[in-house]
Amino acid sequence: MKKITLFLFIVFSQAIFSSTKITETEKLTATCKVWGFLKYYHPFVAGGKTNWDEQLLEKLPKIEKAQTKEEFSLILENWIDELGPVKEIAPIPEPKDVKFFDKNFDLSWINNDKVFSKKLSKKLKFIEENRFQGKQFYVEGSEHVENVNLINERYDDPNFEDKNSKLRMIFMYWNVVEYFFPFKYLMRQKWDETLMQTLPAVIKAENYTDFYTAMKKMVSKIDDSHTEFFMYKSSIGEGNGRFFPAKGKIIDEKIVVTEIVGDSVAEAYNIKIGDVITKINDKTIKELISENRDLICASNEAAYLDKLVRIVLVNTNDNVKVEFLKDGKYETKDMIWFDYHESHRNEFKKGVMKKKDKFKLLDDNIGYVDMGIIKSRNIPAMIEALKNTKAIVLDMRNYPLGTFREISNFLNSQEKEFAIYTRPYYEYPGKFIWDGSTKSGSENKDNYKGKVIVLLNEKSVSQSEWTAMCFQAAGNTTIIGSQTAGADGNVSQFDFKGFHTLFSGIGVYYPDGRETQRIGIIPDIEVKPTIKGIKEGKDEVLDRALVFIETGK
């Protein structure tokens, strides 16, 4: 009798535990993925024949009640069935003359047996193989470049008292990145893990600031220097704060003043180029570096520090306590920071804004070009003035004004390919294809024969990096400076009701397939400014370029 009782207990226990428990985060992560997948793959949804947001809001209460994998999967199975039958068109022929770039593509989650039944996985796989073919209802490619644009999306603010309203917005944004951000494969943290980390914070968010702070932390994990996140109703004061009267650079966990932008304010507080800031409102620069990591999106450390210094030199309060290190002694100043326009208006009246040379001749017959201010109409004069120099320094520690073609025609003796691209493939969302290339230069026997030096640093981003690639194709170019921002290619922008954000929209590579994303343009000679050099008024990067021109080393 005891044996029979034990046997029945074991059978009964197995029956009870054969259903797999599933957590709320697991359910919501899986729901986000399925909802996004169907949005771009199911013919009925991707074709725009249903209000997909409303359907999500209707299903989420049912999903919340599901306790097991089986219950959860059944809800999703029925949801798919309710959409109507998917016509079998597989195998879908691959287009001719198209080369796929698949590093970004991953639908392996479809077979996750921890959260999906075999029947559900089979349904999802069938939809992939018989996916929507036609013009996508929710996304389209930008003209010429083909990076993603959102269309027919709801941009209303979430209801913070309604958990599902908040989830809808996160689901929508996460899937845009999942399927259409070209460098997802280069993120330090898997995008799936970012979603799982974000969901609990979104659910807990009780107001606008909490919600968008949670979202900002998610966006920071994209690891793309193009990516910014602006909250229209933010209490943080981005773009609306009070400004320190100078620009700075973080060196050795300190902020060094590099440029005075409000002379009268700087003069009142005796602030000079080379001054070292060690604390702002009692927080060390090291502490500020640490506590902002989850709020700033950057491809690499150099770009992160550059973005950070711009943020910490803005404050929502008029009065800011700043600690300086001067001559080995710490000195604290209670400063009044001013509105940006206010602090600059006086400087314009005084006429103290210095006029910069677009190009000039340095000592020893060396040409210098400021790529941040020279325009196409200035190039003929620049060429005439500098064509007989022994070297030209192209200073691109800034953002150039589209002069790459005219300058590369001057530098190159023949036409050369310098960049190739990937773009989203909307017929198979998540996949990218190699699509086109760009060439620089032209047949020119009178091309420039001297040395070409390009100066770069963390402020060299996007067009700066792409232009550097263009100039490298000349063959006589040397890159001097430090790591660039590591974000190239056209930008996809998303303007929601509550926020504005963007990310790199296409992939940019050297002709041999080497990446520039996150890495940036690697200098041939690495030089970084020092606190001592800045204090002494030196341009150590330019000085190193002049040494190289003279010695070849």
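The values are calculated or read from the model by the stated rules, or taken from the named source; none is laboratory data. Note that the structure is predicted; figures quoted are calculated from it, not measured. A quick note on method: Cβ atoms are made from the backbone with ideal geometry, for glycine too, and the neighbour counts reach across all protein chains shown.
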* Do you know which residues across the stretch 181-213 are without any contact (Cβ under 8 Å) to a residue 60 or more places away in the chain, crowded, with 18+ Cβ neighbours inside 10 Å and over 17 Å from the mean Cα position of the chain (by Cα)? -> T198, V202, A205, F211
* Selection within the stretch 385-408 - among the polar types (S, T, N, Q) and in contact with a helix residue (DSSP H, G or I) (Cβ under 9 Å, 6 or more places away or on another chain) -> N398, T403, S408
* Asked: Looking at the stretch 453-553, what helices (runs of 4 or more DSSP H) fall wholly within it and have at least 1 residues that are in contact (Cβ under 8 Å) with a residue 24 or more places away in the chain and closer than 19 Å to N300 by Cα?
  -> 463-472
* Structure fact -> Within the stretch 387-406, the count of residues that are assigned to a loop (DSSP other than H, G, I, E, B) and either over 34 Å from the mean Cα position of the chain (by Cα) or of a type in the set (S, T, Y) (or both) comes to 6
* Structure fact -> Scanning the stretch 514-553 for residues that are within 30 Å of F181 (Cα to Cα), surrounded by 18 or more Cβ atoms within 10 Å (Cβ to Cβ) and out of contact with any Ser or Thr (no Cβ under 9 Å at 6 or more places or on another chain) gives none
* Verdict on E384 being free of Cβ contacts under 8 Å to residues at least 12 places away in the same chain, surrounded by fewer than 20 Cβ atoms within 10 Å (Cβ to Cβ) and not in a loop (DSSP other than H, G, I, E, B) -> yes
* Does the stretch 365-375 include one or more residues that are over 27 Å from V461 (Cα atoms), part of a loop (DSSP other than H, G, I, E, B) and at pLDDT 95 or above? -> yes
* To do: Kindly indicate which of N317, N346 is surrounded by 12 or more Cβ atoms within 10 Å (Cβ to Cβ), at pLDDT below 95 and not in a helix (DSSP H, G or I).
  => N317
* Structure fact -> Those residues of the stretch 491-514 that are under 17 Å from Y421 (Cβ atoms) and touching an Asp or Glu at 6+ places or on another chain (Cβ under 9 Å) come to a total of 8
* Structure fact -> Per the filter on the stretch 271-308, residues assigned to a strand (DSSP E or B) and touching a strand residue (DSSP E or B) at 6+ places or on another chain (Cβ under 7 Å) are V276, I277, T278, K279, I280, T284
* Of the residues I255, I280, which single one is surrounded by 13 or more Cβ atoms within 10 Å (Cβ to Cβ), closer than 24 Å to A485 by Cα, without any contact (Cβ under 8 Å) to a residue 60 or more places away in the chain and in contact with a helix residue (DSSP H, G or I) (Cβ under 9 Å, 6 or more places away or on another chain)? -> I255
* Which one of F116, F105, F72 is modelled with pLDDT of 95 or more, within 21 Å of I170 (Cα to Cα) and over 30 Å from the mean Cα position of the chain (by Cα)? -> F72
* To do: Tally the residues that are surrounded by fewer than 16 Cβ atoms within 10 Å (Cβ to Cβ) and within 9 Å of E415 (Cβ to Cβ), restricting the search to the stretch 426-443.
  => 2
* Tell me which residues, restricted to the stretch 141-166, are more than 13 Å from P424 (Cα to Cα) and either among the β-branched types (V, I, T) or in the same structural domain as N490 (by TED's automatic domain parsing) (or both). => I151
* Could you please find all residues in the stretch 94-110 being without any contact (Cβ under 8 Å) to a residue 12 or more places away in the chain and either under 22 Å from L186 (Cα atoms) or outside any loop (DSSP other than H, G, I, E, B) (or both)? => S108
* Check on S264, touching a residue at least 24 places away in the same chain (Cβ under 8 Å), hydroxyl-bearing (S, T, Y) and crowded, with 20+ Cβ neighbours inside 10 Å -> no
* Asked: Which one of the conditions (1) at pLDDT below 95; (2) closer than 30 Å to Y138 by Cβ; (3) crowded, with 21+ Cβ neighbours inside 10 Å does I506 fail to meet, given that it meets all the rest?
  -> (1)
* Can you name the residue in the stretch 241-252 that is of a type in the set (A, V, I, L, M) and in contact with a Ser or Thr (Cβ under 8 Å, 6 or more places away or on another chain) and is also surrounded by the fewest Cβ atoms within 10 Å (Cβ to Cβ) among such residues? -> I251
* Asked: Among the residues of the stretch 81-99, is there at least one that is surrounded by fewer than 16 Cβ atoms within 10 Å (Cβ to Cβ) and either under 30 Å from the mean Cα position of the chain (by Cα) or aromatic (F, W, Y) (or both)?
  -> yes
* To do: State yes or no: is E64 part of a helix (DSSP H, G or I), more than 20 Å from K119 (Cβ to Cβ) and over 32 Å from the mean Cα position of the chain (by Cα)?
  => yes
* Structure fact -> Across the stretch 113-139, the tally of residues that are surrounded by 16 or more Cβ atoms within 10 Å (Cβ to Cβ) and not in a helix (DSSP H, G or I) stands at 10
